[in-house]
Amino acid sequence: MKNSKFSEVQIIKILAEQNQGKTVNEICREHSISQPTFYKWKSKYGGLDVQQLSKMKELEKQLSQYKKIVAEQTLEIVVLKDVIEKSFNAL
């Protein structure tokens, strides 16, 4: 997937221009983006402000860390179960 030439903060500011009374055509022409791109951004970032975006990124980072911890613990449990099962089979 192609990376956007706009940062998420810039995207939020571009979307906010519609609330200031500009039409979608004007915004798209001014920033050299297509209307489908504008509406894709709007569905993803619509209603967010910069502070909410930073909070969302922080929460996503925490979620990623928690998922990693759960995956590591699950692997450890599987390994321990295998060790216990092999030790009982050896008896």
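The values are calculated or read from the model by the stated rules, or taken from the named source; none is laboratory data. Being a predicted model, the structure only gives us computed values, none of them experimental. With ideal geometry, Cβ positions are generated from the backbone for all residues, glycine too; neighbour counts draw on all protein chains shown. Quick note on the areas: whole protein, heavy atoms, side chains included, nothing else; ligands and nucleic acids left out. Shrake-Rupley method; radii C 1.70, N 1.55, O 1.52, S 1.80 Å.
Some points to look at:
- Scanning the range 11-28 for residues that are surrounded by fewer than 11 Cβ atoms within 10 Å (Cβ to Cβ) and either modelled with pLDDT of 90 or more or outside any helix (DSSP H, G or I) (or both) turns up Gln20, Gly21, Thr23, Asn25.
- Within the range 1-31, tally of residues that are of a type outside the set (A, V, I, L, M, F, W, C) and over 22 Å from Val50 (Cβ atoms): 5
- Considering residues of the range 29-57 that are of a type in the set (D, E, K, R) and open to solvent by 90 Å² or more (accessible area, probe 1.4 Å) only, the residue modelled with the lowest pLDDT: Lys44
Residue by residue, here is whether (1) of a type in the set (D, E, K, R); (2) in contact with a strand residue (DSSP E or B) (Cβ under 7 Å, 6 or more places away or on another chain); (3) not in a loop (DSSP other than H, G, I, E, B) holds:
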site	(1), (2), (3)
Val9	no, no, yes
Lys42	yes, no, yes
Leu48	no, no, no
Lys57	yes, no, yes
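- Residue in the range 78-86 that is open to solvent by less than 90 Å² (accessible area, probe 1.4 Å), without any contact (Cβ under 8 Å) to a residue 40 or more places away in the chain and in contact with a helix residue (DSSP H, G or I) (Cβ under 7 Å, 6 or more places away or on another chain) present: no
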